[in-house]
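The values are calculated or read from the model by the stated rules, or taken from the named source; none is laboratory data. Just so you know, these numbers come straight off a predicted model, no measurement behind them. We place every Cβ from the backbone using ideal geometry, glycine too, and count neighbours over all the protein chains shown. Protein only, heavy atoms only, side chains kept; ligands, DNA and RNA dropped before computing areas. Shrake-Rupley method; radii C 1.70, N 1.55, O 1.52, S 1.80 Å.
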Amino acid sequence: MKIAVCPGSFDPITVGHLDLVERAAVIFDEVVLCVMVNAEKRPMFSLEERLELARAAVAHLPNARAEACGGLLAAFARDRGACALVKGVRGGADFDWETQMAQINRDLCPTLDTILLPARPEHTHISSTMVREMLRYHQKLDAYIPSGAMSALLRIRQGKV
Ligand code: PNS
């Protein structure tokens, strides 16, 4: 059984993230989307809210699920028996950062490799940062948020903006 982890802060999950999980779910037997803490970021949504949105987004995928983790990614992946991390890259800056993270995670867990999947061209401009900005200005989000997560996002955002 080949298991992959798709990690990220998912603040909130976007259609670009979902596309990555869907593609990983074709390649691997099982995919665990892991909603994590990025110590460099102050999230708009709590870990629990981000997990709820991620769970709703991947609910249609029989071999994918979402979990949350406040600890070390390499330890989470090892505990789940994962052989790979899957991350998306939208361009050169993402690639440079993700290759560094891949080396660190491999140092921490030598059996854990990282697979970088290029974002689809129609998703390269989509980021959680951009979605949070759209939320602040009450803009339509249908093109950016997975349809399964939309009703939960609309409910949760009432207290945010
Ligand atoms: O979506 P992001 O913010 O780019 O995801 C980054 C994330 C959450 C995957 C990264 O910050 C992370 O792995 N955090 C968990 C702690 C960890 O394992 N750090 C790397 C080794 S010290």
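Observations on the structure shown:
- Residues whose amide H lies under 5 Å from that of Val35, counting only those 5 or more places away or on a different chain, are Glu67, Ala68, Cys69; hydrogens are built 1.01 Å from N in the peptide plane.
- Here Thr99 sits with roughly 50 square angstrom of accessible surface, probe radius 1.4 Å.
- Here Lys2 is the anchor, and the lysines within straight C-alpha reach of less than 22 Å, apart from those fewer than 8 places off in the same chain, are Lys87.
- In Hz, Karplus ³J(HN,Hα) per residue of segment 56-64 (6.51, -1.76, 1.60; θ = phi - 60°; x = Gly, Pro): 5, 5, 9, 4, 7, 9, x, 10, 10
- Loop sites here are trypsin sites (Lys or Arg not before Pro) outside DSSP states H, G, I, E and B with no more than 11 other Cβ atoms within 10 Å. The longest part of the chain free of them is 42-139.
- Entry comment: accessible area of the chain is 53 Å² per residue, from protein heavy atoms only and a probe of 1.4 Å.
- Ile3 versus Val37: modelled label distance in nm, points set 7 Å from Cα along the beta carbon direction: 2.3
- The gain in end-to-end length when the Gln103 to Lys160 segment is fully stretched comes to 16.9 nm, 0.36 nm per residue minus the alpha carbon separation.
- Other residues lying with their Cβ under 12 Å from the Cβ of Arg120 contribute a combined charge of -1, Lys and Arg counting +1, Asp and Glu -1.
- Computed in the context of the full set of protein chains, the accessible area of the chain at 1.4 Å probe radius has 54% of its extent on carbon or sulfur.
- Most mobile of Ala59, Ala68, Ala25 in a GNM of the chain (Cα contacts under 10 Å): Ala59
- Among Asn38, Asn105, Asn63, residue whose mean-square fluctuation peaks in a GNM of the chain (springs only between Cα atoms under 10 Å): Asn38
- Take every pair of alpha-carbon atoms less than 8 Å apart whose residues are at least six positions apart; their mean separation over the length of the chain yields a relative contact order of 30 percent.
- Nearby lysines by direct alpha-carbon distance to Lys140 (threshold 20 angstrom, same-chain neighbours under 8 apart not counted): Lys160
- ³J(HN,Hα) computed for each position of segment 133-145 - Karplus, 6.51 cos²θ - 1.76 cosθ + 1.60, integer Hz, glycine/proline x: 5, 4, 4, 4, 9, 6, 8, 5, 10, 3, 7, 10, 10
- Cα shape, segment 1-126, gyration tensor, a/c 1.5 rule: rounded
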